[in-house]
Amino acid sequence: MREIGSYFWLDIPVVDSDHEEADAFSLGQDRVYVLSGRTALDFVLEDFSTEVRAVYMPSYCCSSMLKPFLDRGVQIYFYDVFLAPEGLQYRVDYGIDVDIFYAMSYFGFESTAMDVSIREFKKRNVTVIEDVTHRLLCSKPCCQDADYLIASLRKWFPIPCGGLAVKTNGHFAKDRLLDPPSGLLEKPIAAMRLKAKYISGSSRGIQGLAKKEYLALFAEFEKDLESNYKLMGMDSLSRYLLANLDIDGVKEKRRGNAEYLYNSLLNMTVAKPLVSDPDFGKDCPLFVPVVVEPAYRNRLRAHLVSKGVYCPVHWPIPSAVELDDRTARLYEQELSLICDQRYCPEELELQIHLLGQFERTVC
């Protein structure tokens, strides 16, 4: 059985993609495809005609999305996101004095969307940026009342780079975008091709070395992005790949895989779905998030890794966030099961088998 999870791989030959145009998503009035989700957020902030003083963001988030604000010296306030018996909940102060409300939904489940909060801030003429990364492939991929949408596309698809910035009304000044330096994209492309060889077994005999090499390349690229992400467009290979993706097929496969995992979790005690009562006619999960007691979460994750299953946690706690106890517990309990389009029922069953195996040792 091949390993499950972690980075996508790339196993197509080199293509002449200079003339391919990626416009895979019909969102808003103007769409721009850029280097990364972080780049998309920075590009949106460049579009503001007045200084941004303060932003209101979710306490449950990835630290990479804080950086464009921190780089500009913007004051960040956080609203609490926490797990309640009825699911993920938000505690939002609608009277807070900010320039931007940053809305986010989680894991591709519409029940976590913040459309009601978005409309409340719009009533106060606060600019709304909605991070639609997780709901991008849902039947309703965004709230129409948001001013801007951003998304990271690498989370969903096997492309070397990719972010999406959307202006719902009006147009961006696209001439500000630069082509990414060739040296920057060489690393993820090489890493994805190495992983393809590793997964196929064509580098058998040097598997350990190949894995160390592609992981190092991915890590170097992520490090490069920390300081080299602004005003860069999507590269031609990523545009080609995105333009030729069967996105409807991706949705169908993810929904089927997620439903299989959900049904298999019904009798589990060690891991319970974070989002209850999904609607797989509308939802399209990025992952299947489960809640595990803090005492067991990291042990379970290590058990899965030992069997070649790489389930991420969302996320490491950002240093800039001051958490209340309920949000801290969410960070400590969440584990993301893999449901993406790469995998078949046998690989989904392995995850369930390993969960059951771990449960029998601790319960």
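The values are calculated or read from the model by the stated rules, or taken from the named source; none is laboratory data. Worth saying up front: this structure is predicted, and the values here are computed from it rather than measured. No Cβ is skipped: glycine too gets one built from the backbone with ideal geometry, and neighbour counts run over all protein chains shown.
Selection within region 318-332: residues that are touching a Leu at 6+ places or on another chain (Cβ under 7 Å) and buried (at least 17 other Cβ atoms within 10 Å of the Cβ). The member of this set that is modelled with the lowest pLDDT is Pro318. Screening region 53-85 for residues that are touching a residue at least 12 places away in the same chain (Cβ under 8 Å), surrounded by fewer than 17 Cβ atoms within 10 Å (Cβ to Cβ) and part of a loop (DSSP other than H, G, I, E, B) and picking the one that is farthest from the chain's Cα centre (by Cα) gives Arg53.
Is it true that Phe109 is touching an Asp or Glu at 6+ places or on another chain (Cβ under 6 Å), aromatic (Phe, Trp, Tyr), on the phi < 0 side of the Ramachandran plot and in contact (Cβ under 8 Å) with a residue 40 or more places away in the chain? Yes: the conditions hold for Phe109. Run down Val34, Val15, Val55, Val44 and say which single residue is among the aliphatic types (A, V, I, L, M), at pLDDT below 95, touching a Phe, Trp or Tyr at 6+ places or on another chain (Cβ under 8 Å) and not assigned by TED's automatic domain parsing to the domain that holds Lys211. Result of the check over Val34, Val15, Val55, Val44: Val15.
Taken across region 157-175, residues that are charged (D, E, K, R) and free of Cβ contacts under 8 Å to residues at least 40 places away in the same chain do occur, with at least one present.
Kindly state which helices (runs of 4 or more DSSP H) lie completely within region 244-356 and contain at least 1 residues that are within 19 Å of Gly87 (Cα to Cα) and acidic (Asp, Glu). Quick ask: steps written out before the conclusion?
On the way: elements: 247-264, 294-306, 325-333.
Per the criteria, 247-264, 325-333.
Would you call Glu346 out of contact with any strand residue (DSSP E or B) (no Cβ under 6 Å at 6 or more places or on another chain), in the same structural domain as Val275 (by TED's automatic domain parsing), of a type outside the set (A, V, I, L, M) and modelled with pLDDT under 95? Let's see the steps before the verdict.
On the way: out of contact with any strand residue (DSSP E or B) (no Cβ under 6 Å at 6 or more places or on another chain): yes; in the same structural domain as Val275 (by TED's automatic domain parsing): yes; of a type outside the set (A, V, I, L, M): yes; modelled with pLDDT under 95: no.
When the stated conditions are applied, Glu346 does not pass them.
For region 86-109, the set of residues classified as modelled with pLDDT under 95 and either closer than 17 Å to Thr50 by Cα or crowded, with 18+ Cβ neighbours inside 10 Å (or both) consists of Leu88 only. Residues of region 217-250 that are within 19 Å of Ser26 (Cα to Cα) and in contact with a Pro (Cβ under 6 Å, 6 or more places away or on another chain): Ser238 alone.
Scan region 215-235 and tell me whether some residue there is under 19 Å from Asp11 (Cβ atoms), modelled with pLDDT under 95 and buried (at least 18 other Cβ atoms within 10 Å of the Cβ).
Residues of region 215-235 under 19 Å from Asp11 (Cβ atoms): 215, 217-218, 221, 235.
Next, only the ones that are modelled with pLDDT under 95 stay: 235.
Applying the additional criterion that residues be buried (at least 18 other Cβ atoms within 10 Å of the Cβ) yields 235.
So far as region 215-235 goes, yes, one or more of its residues are under 19 Å from Asp11 (Cβ atoms), modelled with pLDDT under 95 and buried (at least 18 other Cβ atoms within 10 Å of the Cβ).
So, Asp340, is that one among the charged types (D, E, K, R), buried (at least 19 other Cβ atoms within 10 Å of the Cβ) and closer than 25 Å to Leu136 by Cα or not?
On the way: among the charged types (D, E, K, R): yes; buried (at least 19 other Cβ atoms within 10 Å of the Cβ): yes; closer than 25 Å to Leu136 by Cα: yes.
Yes, satisfied.
Yes or no: region 276-298 includes at least one residue that is within 16 Å of Gln351 (Cβ to Cβ) and surrounded by fewer than 16 Cβ atoms within 10 Å (Cβ to Cβ). No. Return yes or no: is Ser49 among the polar types (S, T, N, Q) and within 19 Å of the chain's Cα centre (by Cα)? Judged against the criteria, Ser49 is not a match.
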